[in-house]
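Read the structure below first, then the notes.
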Amino acid sequence: MKKSIAFILPSLNAGGSERVVSTLANLLIKEYHVYIISLYKCDSFYKLDSGIKIDYCLPLYNPNPAFFTPFTNNYKLVKHLYENLKKHEIDVAIGFLPATNIYTIIACKLLKIPSIISERANPDYNPVNKFWTITRKLLYKYSNSLVVQTIGVKKFFNNYVNSEIEIINNPLNVELLEKRDISVSKENIILNVGRLDKNKNQSLLIRAFSNIEAKDWKLILVGNGDMFESYNQLIYSLGMQNQIILVGNTSDVSTYYNKSKIFAFTSNHEGFPNVIIEAMSYGLACISTDCPYGPSEIIDHGNNGILIPIGNQKALEANLLKLINDNALRETFSLNALQSIKAFSPIDIAAKWSKLINSHIDNIN
């Protein structure tokens, strides 16, 4: 008889956590009755199997609350989450992101069912406010498992919980994998995918590319963000508008993955850089800053890609030139990337989650 599990997250909008939950839910529906409970009502941005049941706690998010509203809101969210978990007879609940994790722990304790919580960001660089910091330290130890994505994040939370912290990487996007097309001719394109913001530090990449001899190459940046106009002005000031292209957001990033040769990633810090494993799954030769956390756990320097110091433009320029001028090296990185990326297979990652979920189900039987 199938057991019932529930993923709990703030919303079903576009985002990294939402994509991971959608991927896992679609794979785990064969083994469990799967529910997704969002804190606020919204349509799912990602495609979900028809067998997955969706519910919510409150109809609307209030972006401008009165002074006491957050306290009453927290009470309402826990209350409705408790009612949803009870109504659907959930056996194991799985929270994603700090506040949702807290609600999940409280509701599960009241129902006397296991809770698994999951941290997705780099806590050193994405701090929560004082209230949630204190609450997290007090309540995380009452969860049955904490899931993180990297060794660095695990070290941060070692003193938060009593149970073993599980490292489970993000799975590759199934829909994106299905769009790989090896028949597409590769072009002289260096690709970057992600939000255009100061942390992603695409200005480093723009300046580095403008400073090397690569006349028959283009740099394409896919994504939108606060720095879009600033980067656009920088590109024009460097006279690189014919070689550096900002395409904004796109519903089909596979088009760019399929035709690019090199992927360049310049972040100052990360939770887990999904775009690197996506690029490697398309066979791109990757170069990334060795930022905390994630790139060094994906890229084996010199074997399936290149790691450079954070913010080091000279190192970026030298290694971009190396990849541009050495077809054999790009091919080696491509082949090795396709092998190493198997560790992020959606089926294998779902199996790790299933093993963890079942360990808690077995303990209550």
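The values are calculated or read from the model by the stated rules, or taken from the named source; none is laboratory data. The structure displayed is predicted, hence computed values, not measured ones. With ideal geometry, Cβ positions are generated from the backbone for all residues, glycine too; neighbour counts draw on all protein chains shown.
Listed by first and then second residue, the pairs linking a residue in region 308-329 that is under 14 Å from Phe263 (Cα atoms) to a residue that is of a type in the set (Asp, Glu) and surrounded by fewer than 14 Cβ atoms within 10 Å (Cβ to Cβ), with Cβ atoms under 8 Å apart and 6 or more places separating them unless they lie on different chains, are Leu321/Glu213. Within region 293-335, the set of residues being of a type in the set (D, E, K, R) and either in a loop (DSSP other than H, G, I, E, B) or under 29 Å from Asn122 (Cβ atoms) (or both) comprises Glu297, Asp300, Lys314, Glu317, Lys322, Asp326. For region 171-193, filtering for residues that are modelled with pLDDT of 95 or more, over 20 Å from the mean Cα position of the chain (by Cα) and more than 10 Å from Ser254 (Cβ to Cβ) leaves 7.
For region 158-182, residues that are under 23 Å from Asp124 (Cα atoms), out of contact with any Ser or Thr (no Cβ under 8 Å at 6 or more places or on another chain) and surrounded by fewer than 17 Cβ atoms within 10 Å (Cβ to Cβ) total 3.
Of all residues in region 259-271, those that are closer than 30 Å to Ser118 by Cβ and part of a loop (DSSP other than H, G, I, E, B) have Cβ atoms under 8 Å from Cβ atoms of residues that are basic (Lys, Arg) and at pLDDT below 95, 6 or more apart or on another chain, in Gly271/Arg120. Apart from one condition, Ser38 fits all of (1) within 15 Å of Ile357 (Cβ to Cβ); (2) small (Gly, Ala, Ser); (3) in a strand (DSSP E or B); the exception is (1). Determine if region 146-153 includes at least one residue that is over 18 Å from the mean Cα position of the chain (by Cα), under 16 Å from Lys355 (Cα atoms) and part of a strand (DSSP E or B). No, region 146-153 contains no residue that is over 18 Å from the mean Cα position of the chain (by Cα), under 16 Å from Lys355 (Cα atoms) and part of a strand (DSSP E or B).
Within region 223-239, residues that are more than 25 Å from Glu213 (Cα to Cα) sit with their Cβ atoms under 7 Å from residues that are of a type in the set (Val, Ile, Thr), at 6+ positions apart or across chains, in these pairs: Gly223/Val193. Can you find, within region 211-257, the residue that is farthest from Glu175 (Cα to Cα) among those that are loosely packed, with under 14 Cβ neighbours inside 10 Å and charged (D, E, K, R)? Across region 211-257, the extreme among qualifying residues is Glu213. Does any residue of region 87-98 turn out to be at pLDDT below 95 and touching a Leu at 6+ places or on another chain (Cβ under 8 Å)? Yes, region 87-98 contains a residue that is at pLDDT below 95 and touching a Leu at 6+ places or on another chain (Cβ under 8 Å). Output yes when any residue across region 348-358 is modelled with pLDDT of 95 or more, surrounded by 19 or more Cβ atoms within 10 Å (Cβ to Cβ), touching a Pro at 6+ places or on another chain (Cβ under 6 Å) and outside the structural domain of Ile206 (by TED's automatic domain parsing), and no when none is. Yes.
In the condition set (1) within 20 Å of Ala351 (Cβ to Cβ); (2) part of a loop (DSSP other than H, G, I, E, B); (3) out of contact with any Gly (no Cβ under 8 Å at 6 or more places or on another chain), Tyr160 is compliant with all but (1). Can you name the residue in region 11-35 that is of a type in the set (Val, Ile, Thr) and not in a loop (DSSP other than H, G, I, E, B) and, of all such residues, is surrounded by the fewest Cβ atoms within 10 Å (Cβ to Cβ)? Here the answer is Thr23. If the condition is being buried (at least 19 other Cβ atoms within 10 Å of the Cβ), touching a Phe, Trp or Tyr at 6+ places or on another chain (Cβ under 7 Å) and in contact (Cβ under 8 Å) with a residue 60 or more places away in the chain, then region 120-156 contributes Arg120, Asn122, Gln149, Thr150, Gly152, Val153.
Restricting to region 183-193, give me the number of residues that are farther than 13 Å from Ser288 by Cα and surrounded by 17 or more Cβ atoms within 10 Å (Cβ to Cβ).
1
Of the residues Ala328, Ala279, Ala285, Ala337, the single one that is surrounded by 13 or more Cβ atoms within 10 Å (Cβ to Cβ), farther than 30 Å from Ser118 by Cα and in the same structural domain as Ser210 (by TED's automatic domain parsing) is Ala285. Comparison of Asn170, Asn162 shows that the only residue that is touching a helix residue (DSSP H, G or I) at 6+ places or on another chain (Cβ under 6 Å) and touching a residue at least 40 places away in the same chain (Cβ under 8 Å) is Asn170.
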